[in-house]
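Chemist: Right, I'll just put the structure down here and ask away after.
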Amino acid sequence: KEKQPQTTGDPIEQLRSIDWFQFEKLVALAYRNLGYTVTRRGGANPDGGIDLVVEKDGQCSAVQCKQWKKWNVGVKAVREFLGALTDAGIPKGIFITLCGYTGEAEQLADKHGIKIVNETGLAKMLEDTGARFDPEVQSILNDTRKFCPKCEAEMVLRTAKKGVGAGGQFWGCS
């Protein structure tokens, strides 16, 4: 009998524990599992405000991932994404975050047909694709490494030697 992959706890808690790089990879994998062709833009490099381009049945959408755990996405971020969509000539957009959206951001997104997804929506998307039993998804959710937002190298825990935070620990690029 084949052994099922291990799953751990609450999917929302797992989404909150991974870093930005794993979050972006997880969103890309979710769309792949939904039958989309996924192209990653940027990563640690400038992405022009678009993290992923997803295509299915001749329809193309741009995806912006913000792994914000404490802040709601405001109108400025949605406006910047709208500008990126216009600049790229991509007609549809999907904005994914963990927290939520301000009322003004929701109105602007709705006005321009940008689909907004919060952590509950993302958790449902993962559940709908069988993520709980997908070893690739579980590997991302259980990865505790941190990655540099500039070069994507694995970061290391360092101790500050001087300044206000001397003796304190921080994540630094390897």
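Chemist: Could you tell me which numbered condition ILE116 fails, if it satisfies all but one of (1) under 29 Å from THR86 (Cα atoms); (2) not in a strand (DSSP E or B)?
Modeler: (2)
Chemist: Sticking with this structure for a sec: So, in the range 126-165, of the ones that are β-branched (Val, Ile, Thr) and not in a helix (DSSP H, G or I), which residue ends up nearest to ARG16 (Cα to Cα)?
Modeler: Let us first name the residues in the range 126-165 that are β-branched (Val, Ile, Thr), namely 129, 137, 140, 144, 156, 159, 164.
Retained after the next criterion (residues that are not in a helix (DSSP H, G or I)): 129, 144, 156, 159, 164.
Values: THR129: 19, THR144: 11, VAL156: 20, THR159: 24, VAL164: 28 Å.
So the residue we want is THR144.
Chemist: Quick check on the range 46-60: of everything there that is free of Cβ contacts under 8 Å to residues at least 40 places away in the same chain and touching a strand residue (DSSP E or B) at 6+ places or on another chain (Cβ under 6 Å), which residue is surrounded by the fewest Cβ atoms within 10 Å (Cβ to Cβ)?
Modeler: Initially, the range 46-60 is screened for residues free of Cβ contacts under 8 Å to residues at least 40 places away in the same chain, giving 46-47, 49, 51-53, 55-60.
Within this subset, residues satisfying the condition of being touching a strand residue (DSSP E or B) at 6+ places or on another chain (Cβ under 6 Å) are 51-53, 55.
Working: ASP51: 23, LEU52: 23, VAL53: 18, GLU55: 14.
Only one residue tops the list, namely GLU55.
Chemist: Of all residues in the range 98-117, how many are within 16 Å of VAL27 (Cβ to Cβ) and either buried (at least 17 other Cβ atoms within 10 Å of the Cβ) or in contact with a Lys or Arg (Cβ under 6 Å, 6 or more places away or on another chain) (or both)?
Modeler: So in the range 98-117, the residues within 16 Å of VAL27 (Cβ to Cβ) come out as 98-99, 114-117.
Keeping just the survivors that are either buried (at least 17 other Cβ atoms within 10 Å of the Cβ) or in contact with a Lys or Arg (Cβ under 6 Å, 6 or more places away or on another chain) (or both) gives 98, 114, 116-117.
The qualifying residues number 4.
Chemist: Moving on to the next point. Would a scan of the range 100-116 turn up a residue that is modelled with pLDDT of 80 or more and in contact with an Asp or Glu (Cβ under 9 Å, 6 or more places away or on another chain)?
Modeler: Step one: list which residues in the range 100-116 are modelled with pLDDT of 80 or more, which gives 100-116.
Keeping just the survivors that are in contact with an Asp or Glu (Cβ under 9 Å, 6 or more places away or on another chain) gives 100, 116.
Within the range 100-116 (the criterion being modelled with pLDDT of 80 or more and in contact with an Asp or Glu (Cβ under 9 Å, 6 or more places away or on another chain)), the answer is yes, since at least one residue qualifies.
Chemist: A further question on this structure: I'm trying to understand the selection: among the residues of the range 118-164, which are open to solvent by less than 60 Å² (accessible area, probe 1.4 Å), under 16 Å from the mean Cα position of the chain (by Cα) and of a type in the set (Gly, Ala, Ser)?
Modeler: Within the range 118-164, GLY121, ALA123, ALA131 qualify.
The values are calculated or read from the model by the stated rules, or taken from the named source; none is laboratory data. As the structure is a computational prediction, the values presented were derived from the model and not from experiment. As a convention, Cβ positions derive from the backbone with ideal geometry for all residues, glycine included, and neighbour counts pool all protein chains shown. With ligands, DNA and RNA removed, areas are computed over all heavy atoms of the protein, side chains included. Shrake-Rupley method; radii C 1.70, N 1.55, O 1.52, S 1.80 Å.
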